[in-house]
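Taking it in order: structure first as structure tokens, then the write-up.
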Amino acid sequence: MGSGESPKVGVFVCHCGHNIAGTVNVEHVAELASEFPNVELSTHFMFMCSDSGQALIREKIEELGLNRVVVASCSPRMHEPTFRKVVEEAGLNRYCFEQVNLREHVSWCHMKEPEAATQKARDLVRMSVARASLLEPLEVKTVSVEPHALVVGGGVSGLRAALDIGDRGFRATLVERTGNLGGNLAKLSTLYPNNEPAKDVVDRMSLAAEASENVTILLNSEVTNFDGHIGNFEVTVKNNVTEEESEMKVGTVIVATGFDPFEPIGYYGYGDSPDIITLSALEEMKRDGTVLRPSTAQPPKNVAFISCVGSREEGVKGHEHCSRYCCTAMAKVAAELREEADEVLMLYDDIRTFGKGHEDVHRRARQEHVIFSKYNKKKKPAVKINDSGIMLKWNDVLSGENCEFRPDMLVLANAMVPPEGADEVAKIFSLTRSADGFFNEEHIKLAPLTTHTAGIMIAGAAQSAKSATDSTTQASGAAAKAVSLIARGEVEIESTVASVIDELCSACHTCVTACPYGATSIEATKGVEVARVTEAKCHGCGTCAAGCPSGAIVMRHSTDDQISSMIAALLSSAFVHGGGEK
Amino acid sequence: MTTAAVELKDWEPVIVAFCCNWCSYAGADLAGTSRIQYPPNVRIIRVNCTGRVDPDFVLDALDQGADGVLVSGCHPGDCHYTSGNLKMRARWALLETAIEGAGISPDRVRLQWASASEGQRFADGVKELTEKVRKAGPFRRKWT
């Protein structure tokens, strides 16, 4: 299909079972859409993403010679890749597809207003039909992939990922900020559920990584510069001890920068008494020998634990979600302390010993007569410190009783928070972050290991708080993603980049200052200065096009005309009433 | 009842929204997934980045009869393209001045930041703008 051919648009409105059709009158929308300009066919179907829905699109493209396809269904963030593939299978260019979001943006958020929702659906379809009519086929480009992966972070996740890539026969360079491998895992004593010393696990992985001819380990090092695109990234790594910088080319990156233990300042008297410590500090004590009360250097006799310190809290210092390690870790160490201590008390909000083998750990703590008491989340345990020590008062939710306990050591099960330097890492790799600061995956279910920056994967606690088991599982997954990219050898890149209409360019440099990536520059062609876009560097944000005062920049697949056509299609409809500004 | 009064009674604000693909469009998706209910007056146009939003788009929308315009992007510092949203913010200051200078109520336009995880924030922003625009009444340039 050439770009000169007149548009023949097919509109396919999806019921999504009851999800859209329960609120939006999809039959009516499909009927109205058949009257919109350039629409050759407008129809509706139960599930457009199903095999039969996809077959319907292909069939109609072939039967009616459709050259633009509009699917009105769910969010394009969900199924745009699916439908692009469908139109490609029927011989259309993938950029001749346009999706309307009738589910997330209409039916699900206007559930009680079916009429207004149907009107909104009609408008959105009209807007997309207008845009679709102006869509241009774009050349699908591929680039080669450098057979070398960068792994950022030498904790358990980074080690696992680097080893997996090395085992598959590809090169991996592991960059670790500190002088040691193992990260936070190396600070622990023994690991649940099978009591393996953390050191053994870390050593096994570190030794294997050091022995692997495919894995290069750079300690005391940080990534200072990062440029390029999927398949061909240029990385500068600086050794913070020698101040030496090295440069390398990699095809893909795994970010496994882990977490910092939450420092619970302002919680339960932390900092006011040396005997109030975090679970992470207790673990380090256990790793280094015996657990001693910091103030007396004697074994503690009465120990209390408090759960969810910084976890499951909205809008405060820690994070909103469950840290997914502390219940089991706390139950394990509480049971172990019972060998020496008279009383061990666990104050919990909920007990979530969810993983394989974790319930055994919980059961053992109960068998060892660790006292479990559910505290009131709205009225949290109160800690008072005076000359006679720590006094803990709380309301036991299950009995309704107000209780007291005088622990000689209080342990706070602290959350995991994004590590120091996470801001820098996010900037360097253009990663987006969730409200609590962890790096975002591309899609929580459909693409949980890739990020919004093509070619960059995340693994472990960098993505969210989690246990070592879950971290290594993710790391192996991310390594598989990296390896599949490298093994393919080439990768398709988005063709949605900016280009310059030379005749309109006045070489004013606005685009040069606007571009966040240095992709635009001014070059003299035949003695005349005009702007140039280095396509490999262009990420397609369109900031240059919006800034250009001469309209000389065409942002492909997001052109001025395409966007303006949507505005016009909406407002030229029956909406405009009289009135007038006061 | 006069025709104008009938029209006003039936009038529903039309709001054009420009949402960046990575934060606010995804935030609006999350609002839907979370079944957060908000006014159905907004029509979202997906752009890669708020940096893509040419001030002309905003003015064109108003010129063609939109009652309000929303631009919603990533929080400063969280832009998927590192700084496109900051470019928009810089333009916005000028745009607001121009809009006010033309005698258009600044209540009709809104620039907001809502991340992919802030469905509620996105919905609240739409609600607030819709209420303000409803209060300001139907918009049409005086000179047409």
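Points to keep in mind about this one:
Rundown of residues vs (1) surrounded by fewer than 17 Cβ atoms within 10 Å (Cβ to Cβ); (2) aliphatic (A, V, I, L, M); (3) under 28 Å from A:T190 (Cα atoms); (4) away from chain B (no Cβ under 14 Å), yes/no style:
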site	(1), (2), (3), (4)
A:Y348	no, no, yes, yes
A:R352	no, no, yes, yes
A:E359	yes, no, yes, yes
A:K378	yes, no, no, yes
A:P381	no, no, no, yes
A:A415	no, yes, yes, yes
A:V425	no, yes, no, no
A:D436	no, no, no, no
A:N440	no, no, no, no
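- Residue within segment A:29-41 that is touching a His at 6+ places or on another chain (Cβ under 8 Å) and small (G, A, S) present: yes
- Residue among A:E113, A:E136 that is closer than 29 Å to A:A498 by Cβ and surrounded by fewer than 22 Cβ atoms within 10 Å (Cβ to Cβ): A:E136
Per-residue answers, yes or no, for (1) assigned by TED's automatic domain parsing to the domain that holds A:P516; (2) part of a loop (DSSP other than H, G, I, E, B); (3) farther than 23 Å from A:A454 by Cα:
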| position | (1), (2), (3) |
| --- | --- |
| A:L159 | no, no, no |
| A:G169 | no, yes, no |
| A:L174 | no, no, no |
| A:F233 | no, no, no |
| A:K238 | no, no, yes |
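- For segment B:71-101, a residue qualifies if it is more than 11 Å from chain A (Cβ to nearest Cβ) and free of Cβ contacts under 8 Å to residues at least 12 places away in the same chain, and the qualifying residues are B:A93, B:T97, B:E100, B:G101.
Results for (1) part of a loop (DSSP other than H, G, I, E, B); (2) under 20 Å from A:T290 (Cα atoms); (3) at pLDDT below 95; (4) under 28 Å from the mean Cα position of the chain (by Cα), shown as yes or no for each residue.
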| residue | (1), (2), (3), (4) |
| --- | --- |
| A:R312 | yes, no, yes, yes |
| A:G315 | yes, no, yes, yes |
| A:G318 | yes, no, yes, yes |
| A:C322 | yes, no, yes, yes |
| A:A329 | no, yes, no, yes |
| A:A334 | no, yes, no, no |
| A:A341 | yes, yes, no, no |
| A:M346 | no, no, no, no |
| A:R352 | yes, no, no, yes |
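- Taken over segment A:86-124, the criterion of being within 14 Å of chain B (Cβ to nearest Cβ), without any contact (Cβ under 8 Å) to a residue 40 or more places away in the chain, aliphatic (A, V, I, L, M) and outside any strand (DSSP E or B) is satisfied by A:A116 alone.
- Boolean, A:F47 is under 15 Å from A:A121 (Cβ atoms) and not β-branched (V, I, T): no
- Single residue of A:A478, A:A447 found to be touching an Asp or Glu at 6+ places or on another chain (Cβ under 7 Å), more than 11 Å from chain B (Cβ to nearest Cβ) and of a type outside the set (V, I, T): A:A447
- Taken over segment B:47-56, the residue count meeting the criterion of being assigned to a helix (DSSP H, G or I) and closer than 17 Å to A:R556 by Cβ is 2.
- The residues listed here are A:V491, A:V512; of these, the one that is away from every other protein chain (no Cβ under 11 Å), under 26 Å from A:T453 (Cα atoms), without any contact (Cβ under 8 Å) to a residue 24 or more places away in the chain and outside any loop (DSSP other than H, G, I, E, B) is A:V512.
- Some residue of segment A:547-561 being assigned to a helix (DSSP H, G or I) and buried (at least 17 other Cβ atoms within 10 Å of the Cβ): yes
- Selection status of A:F83, of a type in the set (F, W, Y) and either in contact (Cβ under 8 Å) with a residue 60 or more places away in the chain or in a loop (DSSP other than H, G, I, E, B) (or both): no
- Within segment A:473-492, the set of residues being surrounded by 20 or more Cβ atoms within 10 Å (Cβ to Cβ) and of a type in the set (A, V, I, L, M, F, W, C) comprises A:A475, A:A478, A:A479, A:A482, A:V483, A:L485, A:I486, A:V491.
- Qualifying residue in segment A:295-304 (condition: surrounded by 15 or more Cβ atoms within 10 Å (Cβ to Cβ) and under 13 Å from A:L412 (Cα atoms)): yes
Residues are listed down the side, and each one gets a yes or a no for (1) within 19 Å of A:V333 (Cα to Cα); (2) of a type in the set (K, R); (3) modelled with pLDDT under 95:
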{"site": "A:T216", "(1), (2), (3)": "no, no, no"}
{"site": "A:T252", "(1), (2), (3)": "no, no, no"}
{"site": "A:T257", "(1), (2), (3)": "no, no, no"}
{"site": "A:T278", "(1), (2), (3)": "yes, no, no"}
{"site": "A:E284", "(1), (2), (3)": "yes, no, no"}
{"site": "A:T290", "(1), (2), (3)": "yes, no, yes"}
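- If you go through segment B:47-67 and keep only what is more than 7 Å from every other protein chain (Cβ to nearest Cβ) and out of contact with any Pro (no Cβ under 6 Å at 6 or more places or on another chain), you end up with B:T50, B:P55, B:D56, B:V58, B:L59, B:L62, B:D63.
- Segment B:30-46, residues that are without any contact (Cβ under 8 Å) to a residue 40 or more places away in the chain and either among the acidic types (D, E) or not in a strand (DSSP E or B) (or both): B:R35, B:P40
- Annotation: B:R110 fulfils all but one of (1) within 7 Å of chain A (Cβ to nearest Cβ); (2) touching a residue at least 12 places away in the same chain (Cβ under 8 Å); the unmet one is (1).
- Unmet criterion (only one of (1) buried (at least 20 other Cβ atoms within 10 Å of the Cβ); (2) in contact with a Cys (Cβ under 6 Å, 6 or more places away or on another chain)) for A:R312: (1)
- One residue alone among A:N214, A:N232 is under 25 Å from A:E490 (Cα atoms), touching a helix residue (DSSP H, G or I) at 6+ places or on another chain (Cβ under 7 Å) and not β-branched (V, I, T), and that residue is A:N214.
- Of the residues making up segment B:97-124, those that are over 14 Å from the mean Cα position of the chain (by Cα) and either of a type in the set (S, T, Y) or buried (at least 21 other Cβ atoms within 10 Å of the Cβ) (or both) number 6.
- Segment B:6-46: number of residues that are facing chain A (nearest Cβ under 7 Å), of a type in the set (S, T, N, Q) and out of contact with any helix residue (DSSP H, G or I) (no Cβ under 7 Å at 6 or more places or on another chain): 1
- Checklist (1) over 16 Å from A:W394 (Cα atoms); (2) out of contact with any strand residue (DSSP E or B) (no Cβ under 6 Å at 6 or more places or on another chain); (3) part of a loop (DSSP other than H, G, I, E, B) applied to A:K377, failing item: (1)
The values are calculated or read from the model by the stated rules, or taken from the named source; none is laboratory data. These figures come from a predicted structure and were not determined experimentally. Neighbour counts are summed over all protein chains in view; Cβ atoms, including those assigned to glycine, are modelled from backbone coordinates with ideal geometry.
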